[in-house]
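Here the structure is laid out as structure tokens; the discussion comes afterwards.
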Amino acid sequence: MNFDDLMGRTEHWLNSKGPQQHIVISTRIRFARNLAHRPFPGWSKRAERIQVLDEIKAPVEALPEMEGGFSQVLQDLTALERQVLVERHLISREHAAKGAGSAVVMNAQQSLSVMINEEDHLRMQAIRPGLQFRDAFESLDTMDTELELLLDYAYSPKLGYLTACPTNVGTGMRASAMLHLPALVLSDQMNPVIQAVNKIGLAVRGLYGEGTEALGNLFQVSNQTTLGESESDILQRLTRVVEQVISHEESARQVLLETKRTMVLDQIGRAYGVLSNAHSIASKEALNLLSLLRLGVDLHLMDDTWRLAIDRLLIDTQPAHLQRESRRKLAAEARDVMRASIIRTRLENASGPDFSSLPEIPPQTSENAEG
């Protein structure tokens, strides 16, 4: 499969329904692994990285899960193609910047991907729609077990899997959930939630992970350490926390409807109006407005079928995707015009939010009762 064939396929995690998908867009499990007796990629010379690539790439490609999949040395991908993979959450920003000796292998559904010579020799991930930590873990664990029979992993009986970053030593596993939390942001509750999550050893990050902004009210919640806990313990603890955050978001949505109903409906209505009529729109504004429109779907102001269409737009309107679609390099202004055109076209059959579908708020809790 070449790059164009890969891009012609819709990502399974983005085009399928999953549990709690009104808030949890996706869940991801990542394993970090290294070969024994080989320097980590950050300490490797060019020839050593190429040697590791030659040792790893063929066994990964031969896995049953990768039949009919995509495999490419990063040097053979353009900078734009690498950025498209970043925007699809298939490789990291750090991996996209790598040179000789780095590669990516993934299945046709784009639900399993392997980065070779990123920070570690192997960074494997499974991604699923909605809240599906266990299913994602089991699929990745199966692939990892198959590879461990073929490759000599760097492993310590005392410490577990050895990794380039000390925080990954042990299970080598990072689990994360991508959450859509507009009500917590609108009600100024996001910072307390982040602080509470950080206190129990978990991390809250932005759209593309560590060091990135939470655009579109999208946040990643993940474990920070992997040493001293089993995979099962990590997943149980993370699932409990994610479920609590879901509960807080649901409560925040209800409170907003009861206390700031006009503001919420106005923002959703304006988001639909701008997205349906704008002829130029920047990436950040588009993400934030699409987030509000997704909230409108969650509040049953629009048909539920629009959720997947909006989620698709969150990816397709990113800068690299737009430039790939146009087959040429675009200036920021041209991207803004193209982005607006795509959104208008995708939404032209949407009837818009139906605010009459919301139940009336009892007078004692309505906005008018406060004044």
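The values are calculated or read from the model by the stated rules, or taken from the named source; none is laboratory data. Note that the structure is a prediction, hence the values are computed from the model and not measured. When we count neighbours, we look across all protein chains shown, and the Cβ atoms used for this are built from the backbone with ideal geometry, even at glycine.
Quick notes
- Comparison of 183, 271 shows that the only residue that is out of contact with any strand residue (DSSP E or B) (no Cβ under 9 Å at 6 or more places or on another chain), farther than 22 Å from residue 32 by Cβ, in a helix (DSSP H, G or I) and not assigned by TED's automatic domain parsing to the domain that holds residue 125 is 271.
- Contact map, the stretch 275-287: first residue touching a residue at least 60 places away in the same chain (Cβ under 8 Å) and part of a helix (DSSP H, G or I), second residue among the small types (Gly, Ala, Ser) and buried (at least 21 other Cβ atoms within 10 Å of the Cβ), Cβ cut-off under 6 Å, separation 6 or more or different chains; pairs are 287/216.
- Filter pass, residue 240 being of a type in the set (Lys, Arg) and either at pLDDT 95 or above or closer than 26 Å to residue 174 by Cβ (or both): yes
- The residues of the stretch 1-52 that are in contact with a strand residue (DSSP E or B) (Cβ under 8 Å, 6 or more places away or on another chain), buried (at least 20 other Cβ atoms within 10 Å of the Cβ) and part of a helix (DSSP H, G or I), listed by number, are 6, 52.
- Scanning the stretch 339-356 for residues that are over 18 Å from residue 308 (Cα atoms) and surrounded by fewer than 18 Cβ atoms within 10 Å (Cβ to Cβ), we see that the one that is modelled with the highest pLDDT is 341.
- Among the candidates 251, 247, 230, residue that is at pLDDT 90 or above, more than 23 Å from the chain's Cα centre (by Cα) and closer than 24 Å to residue 19 by Cβ: 251
- For the stretch 150-180, the tally of residues that are surrounded by fewer than 16 Cβ atoms within 10 Å (Cβ to Cβ) and in a loop (DSSP other than H, G, I, E, B) stands at 6.
- Of the numbered criteria (1) in a loop (DSSP other than H, G, I, E, B); (2) under 24 Å from the mean Cα position of the chain (by Cα), the one residue 350 fails is (2).
- Applying a threshold of 7 Å to beta carbon distances and a minimum spacing of six or more residues, or different chains, the list of pairs starting in the stretch 303-317 at a residue that is at negative phi and ending at one that is part of a helix (DSSP H, G or I) and among the acidic types (Asp, Glu) reads 315/87.
- Only residues that are free of Cβ contacts under 8 Å to residues at least 60 places away in the same chain and under 29 Å from residue 257 (Cα atoms) were counted across the stretch 318-360, and they come to 8.
- Residue list for the stretch 160-187, restricted to those being more than 23 Å from the chain's Cα centre (by Cα) and at positive phi: 160, 170
- Subset tally (residues that are more than 21 Å from the chain's Cα centre (by Cα) and assigned to a loop (DSSP other than H, G, I, E, B)) for the stretch 307-347: 5
- Scanning the stretch 32-86 for residues that are among the β-branched types (Val, Ile, Thr) and in contact with a helix residue (DSSP H, G or I) (Cβ under 8 Å, 6 or more places away or on another chain) returns 52, 60, 73, 84, 86.
- Where a residue in the stretch 1-22 is under 17 Å from residue 133 (Cβ atoms) and assigned by TED's automatic domain parsing to the domain that holds residue 87 and its partner, wherever it lies, is modelled with pLDDT of 80 or more and charged (D, E, K, R), with Cβ under 7 Å and at least six apart: 13/128; 18/128
- Long-range neighbours under 8 Å by Cβ, at least six apart or interchain, first residue more than 17 Å from residue 231 (Cβ to Cβ) within the stretch 154-175, second of a type in the set (S, T, N, Q) and surrounded by 18 or more Cβ atoms within 10 Å (Cβ to Cβ): 154/34; 164/34
- Residue within the stretch 84-93 that is part of a helix (DSSP H, G or I), of a type in the set (Val, Ile, Thr), closer than 27 Å to residue 230 by Cβ and at pLDDT below 95 present: no
- Residue match in the stretch 92-112 (condition: in contact with a Gly (Cβ under 7 Å, 6 or more places away or on another chain), in contact (Cβ under 8 Å) with a residue 40 or more places away in the chain and more than 26 Å from residue 19 (Cα to Cα)): yes
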